[in-house]
Amino acid sequence: MQSFKKLLAVLLIATFMIVMTACQSSEKGTAKKTDGATGDDNGDITLTVFDSDANADWEKMESPIGQKVKEDTGVTLKPEFDIDGGQQKIALMAASGEYPDMILPKGEAGTLVDAGALIDLSDLIEEHAPNLKKMIGDNMNRLKWSKDDPSIYIIPNAAVDNQAMYPGYGALVQHAVVKELDYPELKTLEDLEKALKEYYKLHPEIDGQPTIPLTLQSDGWRFQASTLNSGFMMTGAGDDGEYYVDPKTYEATLHYRRPIEKEVFRWYNHMNAEGLLDTESFVQKNDQWLAKLSTGRALATIAPDYMVGEAQNALREAGKHDRMYGMYPITLSEEYQSHVYQSPGFQAGWGIGISVDCDDPVRAIQFLDYLVAEETQIMLNWGLEGEHYEIVDGKRVIPEEVWEYRNNNKDFAKETGIGYNFQRFAPRYGDGVLDSTGQTFTVATREQQIENQTDVEKEVLKAYGVELWKDLYPQMDEFEVKPWGAAYNIPIPGGSDLEVKNQRMLDVTFKRIPEAILADPEDYDDVWDTFMKDLDKAGVEEAEKEYTTIIQNTVELWSK
């Protein structure tokens, strides 16, 4: 009997060791080894992903690039893209305690961290992500969550060392307008108004439909990123979300409380009174706004470049090159300069995290590491050699017919997988960054951007004495790098008093600014005063103090 018990004990121990070995093997699961990614073939796996941004170009990994990614890694992504910025769905996730394998939470990372939803990626990066380590380099401190919690929960998905060939924000004005008016000066809001008014008088209709001199984007978060951001973008400040950060003291001020911004929104009020503002500006949805741009009946809008790409492509595909838009660094007056090209340095805060429900976090981090490997980065930008580009004298060259395909087919990204489809899930090398062969990772070289322009665009730019739209803007080397990065990327504790106050203030802003713009001009000051009082009631002064502390702590953390 005693020997039986000993035999049973040995069997139990042996079984336990087998189970433990299997568990460790699972925990250390590896992706297929491929061009910079580490590990052995461990079979196919599906990773679920929640992305807070919409993606009309998702190709279900059926495109040539999607198939290659799947073949290289054995990973199939099963993503859910949200059209509302992720706020509601992430709150529901945190309440339920159930999560997909990976999450891109935008500004809602604090909610997930406070709920214990995301794992610390520090060791995973150190042990399984050499390409990520190389790309992030000396900026690893910027990935730390906070002064009190040095864990890494989010891997940024921003462009690294980006020297953008196209401005990220400005007033978009049709080429037809500036051509007919003999290329007027377009530096201030007064200049813009004069041009739109004059052209509108000459052309009250375009293609049989009423001309819209100026239309504004107001659909959800896009309202913030376009119309509301113009308050500081046109008064000599950079994009820091809802706050202006003093570059010397790092004190934060809700940017609408800067007196000078009141004059930017007064200009919109004036444009409305003059009948030059789209009457549907504050009730239209994104697709309606895009439709007005895509048909060419809207002469101008004010927005970031990424919002208008679909409309630009549609106009180009339709052969309406005169109706495409140039990007101008409009400011309130000439005493201000656009800060579009001021660098935030390595951007941290917004990106992708791996959840506690991910069964194989090693495979997940290795997949992300694969995405940033040099050969993968080249593929995601250029495509497949022999299909989307050729090697000529050791250099990557895109054939003319492929350029035509890239430039004139609005479904190019969906059909090929090239571009942001996979780049959105990890950091990426920005424009101007060179690979190991001395060539740029992206196709956006200066020469290629010039070659990519329509004849009309070249004509307009030449008339203004430049080759690219970026040449109209103050350049990156004219500004200091922001030591706090981009403030909108800095995480705020989920459910905190500051988060609650920020939402209250945003609700007030969404109500009062359209009301101020649409008011009779003689009532504008009264509406604005009510706006400021509502912000006081929402706790703006306390919020500014709390946010100032976060900014100052971030600068201290990153400077170590």
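The values are calculated or read from the model by the stated rules, or taken from the named source; none is laboratory data. Since this is a predicted model, take the numbers as computed values, not measurements. Using ideal geometry, Cβ is built from the backbone for each residue, glycine included, and neighbour counts are taken over all protein chains shown.
Inspection of segment 25-39 finds no residue satisfying the criterion of being at pLDDT 85 or above, hydroxyl-bearing (Ser, Thr, Tyr) and either in a strand (DSSP E or B) or in the same structural domain as residue 422 (by TED's automatic domain parsing) (or both). When 330, 352, 302 are checked against the criterion of being surrounded by 20 or more Cβ atoms within 10 Å (Cβ to Cβ), in the same structural domain as residue 140 (by TED's automatic domain parsing) and either out of contact with any Pro (no Cβ under 8 Å at 6 or more places or on another chain) or more than 25 Å from residue 210 (Cβ to Cβ) (or both), a single residue qualifies: 352. Hey, any hits in segment 367-384 for a residue that's out of contact with any Lys or Arg (no Cβ under 7 Å at 6 or more places or on another chain), surrounded by 15 or more Cβ atoms within 10 Å (Cβ to Cβ) and either at positive phi or without any contact (Cβ under 8 Å) to a residue 40 or more places away in the chain (or both)? Yes, because at least one residue in segment 367-384 is out of contact with any Lys or Arg (no Cβ under 7 Å at 6 or more places or on another chain), surrounded by 15 or more Cβ atoms within 10 Å (Cβ to Cβ) and either at positive phi or without any contact (Cβ under 8 Å) to a residue 40 or more places away in the chain (or both). Of all residues in segment 375-407, those being part of a helix (DSSP H, G or I) and of a type outside the set (A, V, I, L, M, F, W, C) number 10. Among the residues making up segment 434-447, those that are surrounded by 15 or more Cβ atoms within 10 Å (Cβ to Cβ) and not in a loop (DSSP other than H, G, I, E, B) are 440, 446.
Taking the criterion of being in contact with a Phe, Trp or Tyr (Cβ under 6 Å, 6 or more places away or on another chain) and either part of a strand (DSSP E or B) or over 20 Å from residue 157 (Cα atoms) (or both), the residues of segment 330-374 that qualify are 338, 352, 353, 355, 357.
Given the criteria in a helix (DSSP H, G or I) and either in contact with a Pro (Cβ under 8 Å, 6 or more places away or on another chain) or assigned by TED's automatic domain parsing to the domain that holds residue 246 (or both), does residue 527 qualify? No; evaluated as a whole, the condition is false for this residue.
For segment 417-432, indicate whether the set of residues that are at pLDDT 90 or above, of a type in the set (A, V, I, L, M, F, W, C) and over 26 Å from residue 102 (Cβ atoms) is non-empty. No: segment 417-432 contains no residue that is at pLDDT 90 or above, of a type in the set (A, V, I, L, M, F, W, C) and over 26 Å from residue 102 (Cβ atoms). Evaluating residue 247 against the criteria (1) surrounded by fewer than 19 Cβ atoms within 10 Å (Cβ to Cβ); (2) modelled with pLDDT of 95 or more leaves one unmet condition, (2).
Among the criteria (1) loosely packed, with under 15 Cβ neighbours inside 10 Å; (2) at positive phi; (3) of a type outside the set (Asp, Glu), the one residue 85 does not fulfil is (1).
Taken over segment 52-82, the criterion of being assigned to a loop (DSSP other than H, G, I, E, B) and among the basic types (Lys, Arg) is satisfied by 60 alone. Confirm whether residue 273 is in contact (Cβ under 8 Å) with a residue 60 or more places away in the chain, among the hydrophobic types (A, V, I, L, M, F, W, C) and buried (at least 22 other Cβ atoms within 10 Å of the Cβ). Judged against the criteria, residue 273 is not a match. The number of residues in segment 448-468 that are in contact (Cβ under 8 Å) with a residue 24 or more places away in the chain and either in a helix (DSSP H, G or I) or touching a Gly at 6+ places or on another chain (Cβ under 7 Å) (or both) comes to 11.
When you check residue 200 against the structure, is it within 22 Å of residue 303 (Cα to Cα) and touching a residue at least 60 places away in the same chain (Cβ under 8 Å), yes or no? When the stated conditions are applied, residue 200 passes them. Can you tell me which residue within segment 434-459, out of those that are under 21 Å from residue 403 (Cα atoms) and β-branched (Val, Ile, Thr), is modelled with the highest pLDDT? Here the residue is 456.
Results for (1) part of a helix (DSSP H, G or I); (2) more than 25 Å from residue 461 (Cβ to Cβ); (3) modelled with pLDDT under 95, shown as yes or no for each residue.
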residue	(1), (2), (3)
136	yes, yes, yes
166	no, no, yes
172	no, no, no
193	yes, no, no
216	no, yes, no
239	no, no, yes
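Got a sec? Which of 471, 431 is in contact with a Phe, Trp or Tyr (Cβ under 9 Å, 6 or more places away or on another chain), outside any helix (DSSP H, G or I) and charged (D, E, K, R)? Answer to the selection: 431.
Screening the candidates 303, 311 for the property of being under 25 Å from residue 263 (Cα atoms) and of a type in the set (Gly, Ala, Ser) yields one hit, 303.
In segment 469-506, the residue that is surrounded by the fewest Cβ atoms within 10 Å (Cβ to Cβ) out of those that are without any contact (Cβ under 8 Å) to a residue 24 or more places away in the chain and not aliphatic (A, V, I, L, M) is 477.
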